[in-house]
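Input: a single structure, listed below in structure tokens.
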Amino acid sequence: MFLTITKITIVKTIYSLLFISLISFSFSASSFAQAIDFQANDCNGNPQHLFADLDAGQAVVLFFYMPSCGTCPPPAQKIQAMADKINQNCPGMVKGYAYSYQNSTTCNYTASWVTSNNLPLYAPMDGNGAEQVAYYGGFGMPTVVLLGGTNHDILWSTQNFVTSDTTAMRDLILNMNCVAGLNDLNNSQSSLTVYPNPSSHNWEVKSNAIKGDYKVIVTSLIGEVVYENQGNSLNNETTISIPTMDFIEGIYLLKIQTEKQEFQTKLMKTN
């Protein structure tokens, strides 16, 4: 009798564990299609707005670390190196935020964590790290999430980071229009001088190669036209002023079209 009860108990226990495992797997495997927004000052006092970043065409890395986690800084540094290479060709394309898992972690600690690990990509954030970790799939050491697009999509996430993940992240980011057209806009960009760039008020574009009628087009990285103008140049050097006050922070593409040529370069708007 004792043996029979033990077998039944074992069988029930196994079924219970399997049931729990299936529930756990379903929860972790299910994913939310879109990010959750936040708008707050970071731990350095700078205003941050996640959806504004995404609407501007930026790829955003959310990095959730655990205090005193020795395995957390190396993945953050590898992602930083990957992002630095992309940002060299596409300035400001990749942005990051660092959150602690624990809501009780202070802003000073997170700011120190970012600084001491040489991670300037990441804005140190205070607040609802625990809630976000739960939303994006659960606890990991670290949990990493990549967001992008004006639909505020979750492009990729992991709770078990490996070095090859930087390749997957890189390819997803490059597919967001950080492509050959941005890496090599053709030699015509050398015919344009833009100052200041980045700018918070106006871009002044100068060129000695623009002759006759021309059209100015500024687009976001997702191809949305945000500014258009036309003009005519009879001078040896053409100066074009583009106001930026109504632009949100981010990266833009400038095209200047004439009857015979098209000139392109990158612009960056800051607050």
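Suppose we filter A134, A168, A111 for residues that are part of a helix (DSSP H, G or I), over 18 Å from the mean Cα position of the chain (by Cα) and without any contact (Cβ under 8 Å) to a residue 24 or more places away in the chain; which single one remains?
Values: A168 fails: over 18 Å from the mean Cα position of the chain (by Cα); A111 fails: without any contact (Cβ under 8 Å) to a residue 24 or more places away in the chain.
The unique qualifying residue is A134.
Of all residues in segment 47-103 being charged (D, E, K, R) and not in a strand (DSSP E or B), which is farthest from I36 (Cα to Cα)? Walk me through it before giving the result.
Filtering segment 47-103 for residues charged (D, E, K, R) gives 53, 55, 78, 84-85, 95.
Still in the list and also not in a strand (DSSP E or B): 53, 55, 78, 84-85.
Values: D53: 13, D55: 14, K78: 25, D84: 25, K85: 27 Å.
Residue satisfying both the conditions and the ranking: K85.
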Inset, instruction - State yes or no: is N236 of a type in the set (S, T, N, Q) and in a strand (DSSP E or B)? - result: no
Inset, instruction - Just need a number here: residues in segment 137-154 that are over 16 Å from A168 (Cβ atoms) and polar (S, T, N, Q). - result: 2
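In segment 60-76, is there at least one residue being under 25 Å from G127 (Cα atoms), of a type in the set (G, A, S), modelled with pLDDT of 95 or more and in contact with a Phe, Trp or Tyr (Cβ under 9 Å, 6 or more places away or on another chain)? Step through it out loud before you land on a result.
Keep residues of segment 60-76 that are under 25 Å from G127 (Cα atoms), which gives 60-76.
Pick out the ones that are also of a type in the set (G, A, S) and you get 68, 70, 76.
Filter once more, so that each one left must be modelled with pLDDT of 95 or more: 76.
In the following step, the residues that additionally are in contact with a Phe, Trp or Tyr (Cβ under 9 Å, 6 or more places away or on another chain) were identified as 76.
Checking segment 60-76: at least one residue is under 25 Å from G127 (Cα atoms), of a type in the set (G, A, S), modelled with pLDDT of 95 or more and in contact with a Phe, Trp or Tyr (Cβ under 9 Å, 6 or more places away or on another chain).
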Inset, instruction - Starting from segment 251-271, keep only residues that are free of Cβ contacts under 8 Å to residues at least 60 places away in the same chain, then list their pairs with residues that are acidic (D, E) whose Cβ atoms are within a distance under 9 Å, requiring at least 6 positions of separation or different chains. - result: K255/E262; T258/D213; E259/D213
Inset, instruction - Within segment 193-225, count every residue that is in contact with a Phe, Trp or Tyr (Cβ under 8 Å, 6 or more places away or on another chain) and within 16 Å of K269 (Cα to Cα). - result: 11
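Report, by residue number, each residue of segment 137-165 that is charged (D, E, K, R) and in a strand (DSSP E or B). Show your work before the answer.
Restricting attention to segment 137-165, the residues satisfying the condition of being charged (D, E, K, R) are 153, 165.
Selection gives D153 alone.
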Inset, instruction - Residues being surrounded by fewer than 16 Cβ atoms within 10 Å (Cβ to Cβ), in a loop (DSSP other than H, G, I, E, B) and at pLDDT below 85: count how many of those fall in segment 184-206. - result: 2
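The values are calculated or read from the model by the stated rules, or taken from the named source; none is laboratory data. From a predicted model like this one, the values you see are computed outputs, not experimental measurements. FYI the Cβ positions are ideal-geometry reconstructions off the backbone, even for glycines, and counts take in every protein chain you see.
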